[in-house]
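The next block holds one structure in the form of structure tokens; read it before the comments.
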Amino acid sequence: MKPIDFRSDTVTKPTAGMRRAIAEAEVGDDVYGEDPTVLRLEARVAERLGLEAALFVPSGTQANQVAIGAHCRAGDEVLTEAGSHILHYEGGAVPALWGVQPQPLPGERGLLKPEDVAAAVREDNMHNPRTRLLSLENTHNRGGGSVWPVERFRAVVDVARKAGLAVHLDGARLFNAEVAAGVPASTWARLTDTTSVCFSKGLGAPVGSALAGRADLIKEARRLRKRLGGGMRQAGILAAAALYALDHHVERLAEDHANARRLAAALAEVPGVKVDAARVETNMVFAEFDRPALEMVTLLGGHGVLTNPAGGPRTVRLVTHLDLSAADIDESVARIRRALA
Ligand SMILES: *Cc1c(COP(=O)(O)O)cnc(C)c1O
């Protein structure tokens, strides 16, 4: 039985077309700034996000971390939603790498309220850490793949600006937001100082992320990338896959979103599963079971459906992606029914 893998949208394999693009990539030593494919990717990302410059990095974690390093000094504070990726899934990097203190803020499906941001900014006083940066996430992973409504995003950014904060956007799945909301990714990114995007999530590239932003910040991020060991040599091999993904795998995210809705609607009919289908905005389905999440992940895995726990005690996350078809969705629901019978 071939497993149906919903653990993440990172599990995809490069397509034949992407492998051809990789094979044919023109390359050079990118640490010397001589890889034409990396330079092309960086220019394309900057343009697409409406920002001045961009930097290719190995991972989304590194993109977020070089951004935080470029914005903050040791002893500064970053405001971020309590379920954010930088807080939960980056190995404690914010304090470990930069000596920066995160202040978690309450969210609704990962989205902040302007008044909560305003209240969290500390006054300029020697007793306080310096509140320096607001870091947002779109789509929000632990929020269930939720999309920031543009007006709400703008309102939160306005509050941060008035308080003199810089703004970073963790846009690992920003193109899912673009496709779901029907507005360009630049609509959000332009409001920020730095925005990260991942090519190895829904876009199906094997490796790679980018950080875009103001030219001075990207220059500093390039220095920090080297410090972290992220200066790569003939990285055009990887950038070619990212360029291919931008050309061929963005619009098709709509299929992943349709598959997620299909999955949620079918699971809502299965006894012992609770799914709020109305809350499926992009490519994630959060299903609640009568049993502990870890037990469910093991049970479903035994029936050829791979999932991950989602944070809640009984919540399991299922993510749709490039390597899953509508037929896989239907087959997975049949397997889940058998597992629970
Ligand atoms: C996956 C992800 C990242 C980056 O993860 P890497 O595995 O380091 O590429 C960053 N932010 C969010 C919201 C993510 O889902």
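You can think of it this way: the chain between GLU269 and GLU26 has 82.4 nm of extra reach, that is 0.36 nm per residue less the Cα-Cα gap.
The largest accessible area among GLU47, GLU178, GLU115, GLU220 belongs to the first residue in GLU47, GLU115, GLU220, GLU178, and the rest follow in falling order (1.4 Å probe, all chains).
Solvent-accessible surface of the range 15-248, taken per residue with a 1.4 Å probe and all protein chains present: 40 Å². Over the range 215-333, with every protein chain in place, what whole percent of the accessible area is carbon and sulfur at 1.4 Å, could you tell me? Whole-percent figure for carbon plus sulfur exposure: 51. What does a probe at ASN128 reach in the range 151-167, counting residues whose amide N is under 13 Å from the point 7 Å along Cα→Cβ? Residues 163-165 qualify, since their backbone N sits under 13 Å from the label point.
The calculated FRET efficiency for ASP323 paired with LYS162, based on their beta-carbon distance and R0 = 25 Å, is about 0.05.
Given a Förster distance of 30 angstrom, what is the FRET efficiency for ARG190 paired with VAL11, based on the Cβ-Cβ distance and rounded to 0.05? After rounding, the FRET efficiency stands at 0.40. For LYS201, a cut-off of 29 angstrom between C-alpha atoms picks up these lysines, skipping any fewer than 8 places away in its own chain: LYS2, LYS13, LYS113, LYS219, LYS226, LYS274. Across the range 313-333, the residues whose backbone nitrogen lies under 14 Å from the label position 7 Å along the beta-carbon direction of LYS2 are 322-332.
The alpha carbons of the range 15-248 occupy a box of 55, 37, 28 Å along the principal axes, longest dimension given first. Here the dipole of the chain is about 360 debye; that uses its Cα centre as origin and unit charges on the Cβ of Lys and Arg (positive) and Asp and Glu (negative).
The values are calculated or read from the model by the stated rules, or taken from the named source; none is laboratory data. Source: prediction; values computed, not measured. As a convention, Cβ positions derive from the backbone with ideal geometry for all residues, glycine included, and neighbour counts pool all protein chains shown. Areas reflect the complete protein model, heavy atoms only, side chains present, ligands, DNA and RNA absent. Shrake-Rupley method; radii C 1.70, N 1.55, O 1.52, S 1.80 Å.
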